[in-house]
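Below is one structure, written out as structure tokens; the observations come after it.
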Amino acid sequence: MDTQFSPYRGSYASLQIRKKTDEYSLDFKRKAVEWSFQSHRTVKSVAEALDIHPFMLSKWRRAYLDGVFGMPKVPPKSQNKLKPQDEISTLKQRIAELEEENDILKKWQRFQAEQRRKRFDS
């Protein structure tokens, strides 16, 4: 039997290549969707931050609105006018989120610098 590849013999027909797909927890999906529903965020920016494809996040958003995640069928934050006290607490929460994001980016930057130093020292 000839073991060389020939496109005419269909050698690749029996070879199945499976693309690895990550499975995300329901909690991760729920948080990603809720994050994407925040008025100052876009689906694209959230997807990039979480290193997932925007189409996947859009599918999760549809499922969330359909109640698949066991959540209400309306976005978590409606367009109602906020009371001053609620607005302050929302802004404080936003500040905390931004500080956390900033810390993560600083850690990533330090990690990258350390990796570069290791490559140049080798």
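Where a number appears in this text, it was derived from the coordinates with a stated rule and is not lab data. This is a predicted model, so every value here is computed, not measured. Using ideal geometry, Cβ is built from the backbone for each residue, glycine included, and neighbour counts are taken over all protein chains shown.
Placing +1 on each Lys and Arg Cβ and -1 on each Asp and Glu Cβ, with no other charges, gives region 23-78 a dipole about its Cα centre of roughly 240 debye. This ranking places 46, 33, 68 by how few other beta-carbon atoms lie within 10 Å of each, fewest first, which gives 68, 46, 33. Shown for 41, 116: other C-beta atoms within 10 Å of each C-beta, ranked fewest to most, produce the order 116, 41. Residues 60, 108 in ascending order of nearby Cβ atoms (within 10 Å, fewest first): 108, 60.
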